[in-house]
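The values are calculated or read from the model by the stated rules, or taken from the named source; none is laboratory data. Computed from a predicted model, the values in this text were never measured in an experiment. Cβ sites come from the backbone with ideal geometry, for glycine too, and all protein chains shown count toward neighbours. To get the accessible areas, we keep the full protein, side chains included, count just its heavy atoms, and leave off ligands, DNA and RNA. Shrake-Rupley method; radii C 1.70, N 1.55, O 1.52, S 1.80 Å.
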Amino acid sequence: MLSPYKGKTGLRRLINAFGYSISGLRAAYRLEDAFRQEILLAAILIPAALLLPVAATGRALLLGSVFLVLIVELLNSAIEAAVDRISLDNHELARVAKDIGSAAVMLSLVCMTLIWIIVLAN
């Protein structure tokens, strides 16, 4: 059976989706230390990217890399919440899922760092 929430269409669906997204951002900020730290980093890096004298392509790369970190952190937090919802028991597959999510966050941070170094070095 499909979810009862899938029946919404048009403007009502867009309004609901926006509300769910805002709720998700609030929950991540309230519950996830790493997300709060990355928001603080974004609060510094986004204005810096807008003020630095770089070409439009470089600016887009700088901004995109910051948002990529936030997106990957949100997905990692969602994976962790889903795994914890299933069971709080220590299980090898739960550990693997959480470790892979963490690795994705780490790679997004490395990617962001490299992009900032490359763009600012040119």
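For the chain, give the percent of accessible area contributed by carbon and sulfur heavy atoms, probe 1.4 Å, rounded to a whole number.
Of the solvent-accessible surface of the chain, carbon and sulfur hold 70 percent.
How far apart, in nanometres, would the label points at Arg36 and Phe67 be if each is projected 7 angstrom from Cα along the Cα-to-Cβ direction?
If labels sit at Arg36 and Phe67, their model points lie 2.6 nm apart.
So how far apart, in nm, are the two label points at Tyr29 and Asp84 if each is 7 Å from Cα heading toward Cβ?
Between Tyr29 and Asp84, the label points sit 1.9 nm apart.
Quickly work out the Ile118-to-Thr57 label distance, labels modelled 7 Å from Cα along the C-beta direction, and quote it in nm with one decimal.
Result: 1.1 nm between the two label points.
Once each part is reduced to its C-alpha centroid, what is the distance from the stretch 86-114 to the stretch 31-81 in angstrom?
If we compute the Cα centre of each part, the gap is 18 Å.
Could you pull out every whole DSSP H run in the chain that spans at least 27 Å of Cα extent along its own axis and averages 1.6 or higher on the Kyte-Doolittle scale?
92-121
For the chain, with every protein chain kept in place, what is the accessible area per residue (1.4 Å probe, Å²)?
72 Å²
Order these peptides, 107-114, 46-53, by their mean beta-carbon neighbour count within 10 angstrom, highest first.
The most tightly packed comes first, giving 107-114, 46-53.
For Cα pairs less than 8 Å apart in space and 6+ apart in sequence, what is the mean separation divided by the residue count of the chain, i.e. the relative contact order in percent?
26 percent
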